[in-house]
Amino acid sequence: MGTIIRQTTELAMHIVSAYVNPGDVLVDATSGNGKDTLALAAMNPAQLYAFDAQEAAVQETIRLLEENGYGDRLADSGKGIPADDGLTGCRIIVRQLAHENLCEFFRNEAGAEAQETARPLTAVVFNLGYLPGGDKHITTKTETTIKAVRDAMELICSDGLVCITMYSGHPEGRKEKAALLEFAEELDAAKWHCAYISMPNQKNDPPEILLITRKG
Ligand SMILES: C[S@@+](CC[C@H](N)C(=O)[O-])C[C@H]1O[C@@H](n2cnc3c(N)ncnc32)[C@H](O)[C@@H]1O
């Protein structure tokens with residue numbers, strides 16, 4: 001195994017992969033340029049939902065998936081869902097959706113398949129902040145992020161994971177991180193495991209990871 005503490009985003013995906021089995025249902029709650037979605041697709045989920053509030057991010061995520069050979073897995077690609085693929089038949093649903101509506105989406109729109117169990121998700125991944133190379137004003141916001149994390153916690157199965165990469169190098173990100181840590185500190189330790197990962201010798205407010213798992 002190479003070093004897994006070189007880059008926060010890589011470390012986050014490495015941790016997520018430890019929770020995921022082929023056939024699971026995963027969510028990327030901030031798909032952005034699609035890199036995390038691509039990493040999640042490689043974990044062979046049965047279904048992968050990728051959400052972003054911005055249409056530009058949705059298009060970029062679809063483009064990256066297509067460029068990497070996942071085009072025929074896209075639920076709306078018009079190419080159908082590959083049959084007889086067993087556990088390797090990942091179906092990817094990319095949608096423009098504000099993640100504070102996660103619970104509403106799974107209750108109302110995702111359909112019977114996604115609602116088979118009350119808590120259908122193995123992992124929900126957040127990579128907060130703004131779209132790299134995009135409009136920095138369109139960033140995740142404290143109140144809606146907390147609502148979205150609460151929704152994700154509601155939707156994950158026992159031993160499921162919410163993985164949040166936080167950026168404190170900009171004012172809204174600092175506020176968001178402080179609120180998330182305060183939120184995590186107050187979670188009932190009988191029901192939730194939490195971990196907070198920082199890279200203390202990196203300069204310029206490096207991203208940090210907050211992990212929340214539902215106790216089995
Ligand atoms: C740091 S980027 C995500 C990077 C991405 N995971 C990747 O691998 O490229 C943060 C994303 O969050 C999105 N975002 C901001 N507010 C949101 C919201 N309320 N719901 C969903 N996405 C949101 C932004 O549009 C942006 O694309």
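The values are calculated or read from the model by the stated rules, or taken from the named source; none is laboratory data. All of these numbers come straight from a predicted model, not from anything done at the bench. For neighbour counting, all protein chains shown are included, and Cβ atoms are generated from backbone atoms with ideal geometry for every residue, glycine included. Accessible surface is based on the protein model in full, side chains and every heavy atom, while ligands, DNA and RNA are left aside. Shrake-Rupley method; radii C 1.70, N 1.55, O 1.52, S 1.80 Å.
Key figures for this structure:
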quantity: Counted residues, segment 195-214 - those being open to solvent by less than 60 Å² (accessible area, probe 1.4 Å), of a type outside the set (D, E, K, R) and in contact with a strand residue (DSSP E or B) (Cβ under 7 Å, 6 or more places away or on another chain); calculated: 9
quantity: When residues of segment 135-167 are limited to those that are more than 16 Å from residue 51 (Cβ to Cβ) and either near the ligand (Cβ under 7 Å from one of its atoms) or among the hydroxyl-bearing types (Ser, Thr, Tyr) (or both), the one surrounded by the most Cβ atoms within 10 Å (Cβ to Cβ); calculated: 167
quantity: Test: residue in segment 65-88 that is at pLDDT 95 or above and within 10 Å of the ligand (Cβ to nearest atom); calculated: no
quantity: Filter pass, residue 165 being in contact (Cβ under 8 Å) with a residue 24 or more places away in the chain and within 21 Å of residue 37 (Cβ to Cβ); calculated: yes
quantity: Those residues of segment 17-55 which are among the small types (Gly, Ala, Ser), near the ligand (Cβ under 8 Å from one of its atoms) and in contact (Cβ under 8 Å) with a residue 40 or more places away in the chain, in sequence order; calculated: 29, 31, 32, 53
quantity: Qualifying residues in segment 1-31 (those that are open to solvent by less than 10 Å² (accessible area, probe 1.4 Å) and assigned to a loop (DSSP other than H, G, I, E, B)) - the one farthest from residue 134 (Cα to Cα); calculated: 29
quantity: Conditions (1) within 16 Å of the ligand (Cβ to nearest atom); (2) touching a Leu at 6+ places or on another chain (Cβ under 7 Å); (3) of a type outside the set (A, V, I, L, M): number failed by residue 127; calculated: (2)
